[in-house]
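Chemist: Okay, here's the structure, questions in a sec.
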Amino acid sequence: MTKKSALNIVKMKKMKAEGTPLSMVTAYDYPTAKLAEEAGVDLILVGDSLGNVVLGFNSTIPVTLDDMVYHTRAVARGADHTFIVADMPFMTYHGNIDETLRGVRRLMQEGHAQAVKMEGGKEICAAVEAVVKSGVPVLGHIGLTPQSVNQMGGYRIQGKDTADAQRLMEEAKALEAAGAFGIVLELVTEQVAEAISKELSIPTIGIGAGRYCDGQVLVFHDIFQYASPYINKRFVKTYGDVGSLIREGLENYVKEVKDRSFPAENHVFVADDHVLDSLYGNGTAKVEKS
């Protein structure tokens, strides 16, 4: 299989101009990243959503920089020809710029990401500008920003009224001016997401933001219902129920171990003649009855 060349931020902007949508999916480990690359995904996001779907937290807030470096490094080993974006975790880019840059350095040098993602609008533009000036591409993220879910009062749709729509437009423009190469729009009304996408020269990537963004991103575990129990989400399309398949397979495995039908004869290895004799040292194999 001939590997494609990874995208870069110049090609992505050109794809927007040509009307070619970008496909993005999350990955948190080597095998998932490898499968995503083989499927032809344009970008992989090592999202702090790993806190929910991999680490078992009820939000992304407990995810640490060490977590992100560890998982990004695993993804990079599986998808070395795909553009990889790593999330900056909670409170690693809201204070001292030097501290922000140290976190970015770790994700790039240790994690081998090609870019980082930051949640927020005008309040993070100084950090975005500093990171971009350091030579690192930044993907913005507005709308529903899970790291701020406690302040937002829950997972709410964004852009439902005029004031909120105007806020989102201003935040998107500010992030573009700060140097972001693209912006994720999460749980934004379709009309507002379309207006923002038309206004910006950089690509928008939607998740629950309708049909008119310049690309789409979904969480791998949502695409395949890889969870128990799986909670359906309106903005997600299921492409395979892996969770049920795995559960059924494991139940069958447990059953066959219990009834001794596994391992069967075709799963075992047979020793050469006289091997048992040598184990007992006297030339005669003895088998004790239990």
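Rule-based calculations on the coordinates, nothing more; no lab input. Owing to the predicted nature of the structure, the values given are computational and were not obtained by experimental measurement. Reconstructed Cβ throughout: ideal geometry from the backbone, glycine too, with neighbour counts over all protein chains shown.
Chemist: Could you say which residue among 5, 23 is hydroxyl-bearing (Ser, Thr, Tyr), outside any helix (DSSP H, G or I) and surrounded by 15 or more Cβ atoms within 10 Å (Cβ to Cβ)?
Modeler: The conditions single out 23.
Chemist: Hey, could you check region 194-212 for residues that are in contact (Cβ under 8 Å) with a residue 40 or more places away in the chain and either assigned to a loop (DSSP other than H, G, I, E, B) or more than 14 Å from the chain's Cα centre (by Cα) (or both) and say which is nearest to residue 128 (Cα to Cα)?
Modeler: By that ranking, first place goes to 202.
Chemist: Can I ask one more? Looking at region 44-80, which of the residues that are in a loop (DSSP other than H, G, I, E, B) and touching a Ser or Thr at 6+ places or on another chain (Cβ under 7 Å) is nearest to residue 205 (Cα to Cα)?
Modeler: By that ranking, first place goes to 47.
Chemist: Being under 24 Å from residue 79 (Cα atoms), of a type in the set (A, V, I, L, M, F, W, C), assigned to a helix (DSSP H, G or I) and touching a Leu at 6+ places or on another chain (Cβ under 9 Å) is the filter here; which residues of region 92-130 pass it?
Modeler: The one that is under 24 Å from residue 79 (Cα atoms), of a type in the set (A, V, I, L, M, F, W, C), assigned to a helix (DSSP H, G or I) and touching a Leu at 6+ places or on another chain (Cβ under 9 Å): 107.
Chemist: Can you tell me how many residues within region 231-248 are assigned to a loop (DSSP other than H, G, I, E, B), surrounded by 11 or more Cβ atoms within 10 Å (Cβ to Cβ) and not aromatic (Phe, Trp, Tyr)?
Modeler: Residues meeting the conditions: 5.
Chemist: Looking only at region 6-35, count how many residues are more than 20 Å from the chain's Cα centre (by Cα) and over 19 Å from residue 212 (Cα atoms).
Modeler: Total satisfying the criteria: 2.
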